[in-house]
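The values are calculated or read from the model by the stated rules, or taken from the named source; none is laboratory data. Treat the numbers as computed from the prediction; the structure is a model and nothing was measured. Using ideal geometry, Cβ is built from the backbone for each residue, glycine included, and neighbour counts are taken over all protein chains shown. Only protein heavy atoms, including side chains, enter the accessible area calculation; ligands, DNA and RNA are left aside. Shrake-Rupley method; radii C 1.70, N 1.55, O 1.52, S 1.80 Å.
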Amino acid sequence: MDFTELREAIEEVELVDGHAHNIVALDSTFPFIRAFSEAEGDALSYAPHSLSFKRNLRHIAELYGSELSLQGVEEYRRLSGLQSISSICFGAARISAILVDDGIEFDKKHDIEWHKSFAPVVGRILRIEHLAEKILDQELPNGGAWTLDTFTKTYLEKLKSVANQIFGLKSIAAYRSGLEINTNVTRKDAEEGLSEILSAGKPTRIMNKSFIDYVFTRSLEVALCFDLPVQIHTGFGDKDLDMRLSNPLHLRTLLEDKRFSKCRIVLLHASYPFSKEASYLASVYSQVYLDFGLAVPKLSVHGMISSVKELLELAPIKKVMFSTDGYAFPETFYLGAKQAREVVFSVLRDACVDGDLSIAEAIEASKDIFAQNAIQFYKVNLSLGSKHTVTPNSLKIKTSASHNDVSLVRIIWVDGSGQHRCRVVPSMRFNNVIKKNGVGLTFASMGMTSFADGPADETNLTGTGEIRLFPDLSTKFRIPWKKQEEMVLADMHLKPGEAWEYCPREALRRVTKILKDEFNLEMNAGFENEFFLLKSVLREGKEEWMPVDSTPYCSTSAFDAMSPLLQEVVAALDSLNVTVEQLHAEAGKGQFEMALGYTACTHAADKLVFTREVIRAVARKRGLLATFMPKYALDDIGSGSHVHISLYQNGENVFKASGGTSRYGMSTVGEEFMAGVLHHLPAILAFTAPVPNSYDRIVPNTWSGAYQCWGKENREAPLRTACPPGIPDGLVSNFEIKSFDGCANPYLGLAAIVAAGIDGLRRHLSLPEPVDTNPDSLADKLRRLPASLSESLKALRNDSVLTDLIGEKLLVAIKGIRKAEIDYYSKNKDAYKQLIYRY
């Protein structure tokens, strides 16, 4: 039998996650290891030895491309940030709706609104015991004591007031007193139960069975009134649970109560290990439905498959639903989705082999299990084009971050000349075709120059041949200044899964992998962006662009004048998970600087691309032009894109010295890496200062680094070691490379730096003595860095190390582009003025 169509249907379906919990901040005290286990305390130390732990950790490491260890994954999370890893996990999970039970009080949990960045529909499931406890923790207005009547009145009023804003109720009675719910609790028993709870003090924890059953019954009455489904925890969980009391067969009294026969109930967690019992109940009680979250992905592969098969032994397929039971960490959502697709495929494939289903029936079953059953059960409306999702129950669920109203998606790449380019496709085509197959692009795209949209000679790239731009979904964001559009960064592939050797992002990944594999090191980077803001003026009927002001360095008036624009830029970057550490007016006319946060170099390059996009777009929106070109005005100061570099190992900064004696306040690996960068700096400039105009900036006495030297906190040196606030005196935490500008492709620039550092580590290079004065005063003793692109291109041609590490074919293309730039601008002296429109 051919199961290709079934496999494709399962992989492509957008999931409805019917049961999940809040995600927490990265610095929450809730430990990340709990993403893989329900154990806690001493038992948690054994969790890494379980089958599911090993499998799920491997899946996460593969998703991130991180080291296959808990520490490696945790370090990746720390360096990437929560927004980034959440985008990666939810992008890979492809979840269209999430229903969140927010009744777990995790440390530093995000509210439901926060989660709306990652799914078109995010709704709330209200946990009834949590609501009751919150009420009893409050003081009565008159200062009196709670009675059963005052509690009941308050509880029902609160429940009814939010009934039209939620998708369902949930009970964790199984955790407290068990599932043998008495729907006929006497008033006396309920009052005594309340009294016992109140006498235990605050914070309130409801454990009395009679009172729990009373609250449960009152909640069912509201659920019936508002046609709300009720989720019930069944089966396994953490050790607070007495599993002898969590068998769903205990619910018989409730299910037989004719008052509640129309109240829709979903048994969570596959009721494992009572999956057969749950299947039976769903087959004989019309109001009972099943959800297999938690069992998938927390069990072994055999356990997951067996549990889902047991659910389907008797239960109608229309009553079985998917959920991730994701909680605290975005990785749990990804694992739940990934494993569920694999498990359901295996179960339905076997059902076809056994003759229970045809392939067409299995495909329909997969769509029901993953989406359609939950859509109908919870009354979720995923209709397109609506700012709010309106359910058939007249519920309005705000989805301000919904992607349903996105009309276009920009697929962005950075070419060999450092220019940002994009292909734009309708959102529906992006989701249905491009995510899977990519979008076509000519080979010539990586051979273009800053002056012409055609491949330069000697690049070996022509209009013959085509690659595929594949969107990196972890970088997909709503465009802050164009709310109905999204943008995403792209990788270049020859075909799905086969990277093109000219791809800049892949080049950076290749060299960082070598750094990791050979030396167990990761390079972090943080960029400082300098740019000019220009305004349009008419002179003799012609448009010219002039600086917005003539104020000096760190001018308060300059910042005041541009504050609205800069505030919008910072807000937009924040929405793209780009951290701005500081900003100020620079020394040039109309010039500003914006320093970005520190992160893994691959992410730093991505964030620099987004930063350039935001600054240019926000300026354009306000009638201004922002340019990153190195030397906008030949008689004024230039603009750089200085980058700060450090090395990390197992989550620790190992660039700075640690204990004992050290040279220059840095570690041995730090010195060797930096020495490699200094040694190869003339050739690196062909990447980081890629146009002839770059060398109008790199001149002495302009803080741009004109000589091949380094210094301690010496801003005239091209390499400067830095000791920022918080670093012990005498130690350095990073070094700055000043000869990096806004025309550079950040991926190629950083790749050249990493490659040079690798050579320094391999050959154990040492730094010369630092230069602690103006290098220009030592011009007769120091080597001048290339004073032109011709000189840096010559250095690159003679540098076999960079060629070997970055890739010969890519280097041929880069050299061809640089030669074309040299020839063109030498013949067209004023052509550099057009660079403001390209950078």
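Below are the figures for this structure:
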{"item": "Options S557, S563: the member that is of a type in the set (S, T, N, Q), farther than 30 Å from L26 by Cβ, assigned to a helix (DSSP H, G or I) and open to solvent by 60 Å² or more (accessible area, probe 1.4 Å)", "result": "S557"}
{"item": "Hey, S704 small (G, A, S) and surrounded by fewer than 21 Cβ atoms within 10 Å (Cβ to Cβ) or not", "result": "no"}
{"item": "Residues satisfying the stated conditions in the stretch 426-445, i.e. crowded, with 17+ Cβ neighbours inside 10 Å and of a type in the set (A, V, I, L, M)", "result": "I434, V439, L441, A444"}
{"item": "Any hit, the stretch 528-550, residues being within 22 Å of F477 (Cβ to Cβ) and in contact (Cβ under 8 Å) with a residue 24 or more places away in the chain", "result": "yes"}
{"item": "Residue list for the stretch 113-133, restricted to those being open to solvent by 30 Å² or more (accessible area, probe 1.4 Å) and either free of Cβ contacts under 8 Å to residues at least 24 places away in the same chain or over 24 Å from I212 (Cα atoms) (or both)", "result": "E113, W114, S117"}
{"item": "The stretch 446-495: number of residues that are open to solvent by 10 Å² or more (accessible area, probe 1.4 Å), in a strand (DSSP E or B) and not aromatic (F, W, Y)", "result": "14"}
{"item": "Test result for Y289, closer than 24 Å to S84 by Cβ and out of contact with any Ser or Thr (no Cβ under 8 Å at 6 or more places or on another chain)", "result": "no"}
{"item": "Residue pairs meeting the criteria (Cβ under 8 Å; at least 6 apart or on separate chains; first open to solvent by 70 Å² or more (accessible area, probe 1.4 Å), in the stretch 820-839; second assigned to a helix (DSSP H, G or I))", "result": "Y824/A831"}
{"item": "Single unsatisfied condition, S271 versus (1) touching a Pro at 6+ places or on another chain (Cβ under 7 Å); (2) exposed (fewer than 14 other Cβ atoms within 10 Å of the Cβ)", "result": "(2)"}
{"item": "Candidates D227, D238, D257, D189, filtered to the one that is acidic (D, E) and under 16 Å from Y175 (Cα atoms)", "result": "D238"}
{"item": "Any hit, the stretch 448-459, residues being in contact with a Ser or Thr (Cβ under 6 Å, 6 or more places away or on another chain) and under 14 Å from L489 (Cβ atoms)", "result": "no"}
{"item": "Hey, Y289 in a helix (DSSP H, G or I) and aromatic (F, W, Y) or not", "result": "no"}
{"item": "Output for the stretch 32-65, where each listed residue is among the hydroxyl-bearing types (S, T, Y) and either outside any helix (DSSP H, G or I) or without any contact (Cβ under 8 Å) to a residue 60 or more places away in the chain (or both)", "result": "S37, S45, Y46, S50, Y64"}
{"item": "Residues of the stretch 778-809 satisfying the condition of being of a type in the set (S, T, Y) and not in a helix (DSSP H, G or I)", "result": "S788"}
{"item": "Filter result for F236 (within 22 Å of H269 (Cα to Cα), open to solvent by 10 Å² or more (accessible area, probe 1.4 Å) and hydrophobic (A, V, I, L, M, F, W, C))", "result": "yes"}
{"item": "Hits in the stretch 582-606 - residues which are of a type outside the set (S, T, Y) and closer than 21 Å to E75 by Cα", "result": "L596, G597, A600, C601, H603, A604, A605, D606"}
{"item": "Residues (open to solvent by 40 Å² or more (accessible area, probe 1.4 Å) and either under 30 Å from G72 (Cα atoms) or polar (S, T, N, Q) (or both)) located in the stretch 607-662", "result": "Q649, N650, E652, K656, S658, G659, G660, T661, S662"}
{"item": "Yes/no for L311 being touching a Ser or Thr at 6+ places or on another chain (Cβ under 8 Å), in a helix (DSSP H, G or I) and open to solvent by less than 10 Å² (accessible area, probe 1.4 Å)", "result": "yes"}
{"item": "Residue selected from the stretch 749-772 under the condition in contact (Cβ under 8 Å) with a residue 12 or more places away in the chain, in a loop (DSSP other than H, G, I, E, B) and open to solvent by 60 Å² or more (accessible area, probe 1.4 Å), by the criterion farthest from E522 (Cα to Cα)", "result": "D772"}
{"item": "Any hit, the stretch 449-469, residues being touching a residue at least 60 places away in the same chain (Cβ under 8 Å) and under 25 Å from L15 (Cβ atoms)", "result": "no"}
{"item": "Residue count, the stretch 437-476 (criterion: touching an Asp or Glu at 6+ places or on another chain (Cβ under 8 Å) and of a type in the set (D, E, K, R))", "result": "2"}
{"item": "In the stretch 244-263, the residues that are surrounded by 16 or more Cβ atoms within 10 Å (Cβ to Cβ) and either without any contact (Cβ under 8 Å) to a residue 12 or more places away in the chain or small (G, A, S) (or both)", "result": "S246"}
{"item": "Looking only at the stretch 329-355, and only at residues there that are surrounded by fewer than 23 Cβ atoms within 10 Å (Cβ to Cβ) and of a type in the set (G, A, S), the one that is nearest to the chain's Cα centre (by Cα)", "result": "S346"}
{"item": "Test for E528: is it within 28 Å of P725 (Cα to Cα), charged (D, E, K, R) and open to solvent by 10 Å² or more (accessible area, probe 1.4 Å)", "result": "yes"}
{"item": "Residues being at pLDDT 90 or above, of a type in the set (G, A, S) and either touching a His at 6+ places or on another chain (Cβ under 6 Å) or open to solvent by 30 Å² or more (accessible area, probe 1.4 Å) (or both) - total across the stretch 496-523", "result": "0"}
{"item": "Hey, S286 surrounded by 23 or more Cβ atoms within 10 Å (Cβ to Cβ) and out of contact with any His (no Cβ under 9 Å at 6 or more places or on another chain) or not", "result": "no"}
{"item": "Restricting the stretch 60-86 to residues that are open to solvent by less than 10 Å² (accessible area, probe 1.4 Å) and touching a Phe, Trp or Tyr at 6+ places or on another chain (Cβ under 7 Å), the residue that is farthest from P330 (Cα to Cα)", "result": "V73"}
{"item": "Hits in the stretch 793-814 (condition: open to solvent by 40 Å² or more (accessible area, probe 1.4 Å) and closer than 30 Å to D635 by Cα)", "result": "K794"}
{"item": "Some residue of the stretch 109-125 being modelled with pLDDT under 95 and of a type in the set (D, E)", "result": "yes"}
{"item": "Extreme residue, surrounded by the most Cβ atoms within 10 Å (Cβ to Cβ), among residues of the stretch 161-186 that are in a loop (DSSP other than H, G, I, E, B) and under 37 Å from the mean Cα position of the chain (by Cα)", "result": "F167"}
